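**Q** Could you have a look at this structure, given as structure tokens, before my questions?
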Amino acid sequence: MDHHKHGDMDMGECSMNMLFTFSTKNLCIVFPQWRVTGLFSLLLSLAAVVLLVAGYEALRDFTRQYELATLGQRDLPSNRTGRGSVAERKAKVTRAGLYAAQVFYSFFIMLLFMTYNGWIMLAVAAGAFMGHLMFGESSASKTVSCH
């Protein structure tokens, strides 16, 4: 059974490296459709990775700002039912959604890193650097780990 075929389209073979490499031969990034075929597609892919990772930092910053904005709602006394106000419940659901988005995003970044490709790893680090410069005004309440 051939495990290297990715559907009916002729996508070539995607290499799955288990060791660190800078080779871009048969490099597919996360999806078989995201394939590096030459210098231009490599540079475009590296730019996309940098922007994706910087976007993760933007999401973390947005989450911190939202948590600060809704912090006062958690300190207000609850209504008679003891279940809190509608606004408080909405804020809690929104915070949970933002947290879930961060977890999903961080696992996606982990998959980028797990290509074991040095160029992609450097792009992840560059995106984290750029994102932290742009959006990292306060300390992170959650770590960079996958979860």
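Throughout, read-outs are computed from the coordinates displayed, never taken from laboratory work. Just so you know, these numbers come straight off a predicted model, no measurement behind them. A quick note on method: Cβ atoms are made from the backbone with ideal geometry, for glycine too, and the neighbour counts reach across all protein chains shown.
**Q** Subtracting the Cα-Cα distance from 0.36 nm times the residue separation, let me have the gained length for LYS90 to LEU68 in nm, one decimal.
**A** Once the chain is fully extended between LYS90 and LEU68, it gains 6.4 nm.
**Q** Suppose each label sits 7 Å from its Cα in the direction of the beta carbon; what would the PHE31-LEU43 distance come out to in nanometres?
**A** Using points 7 Å along Cα→Cβ, the separation is 2.4 nm.
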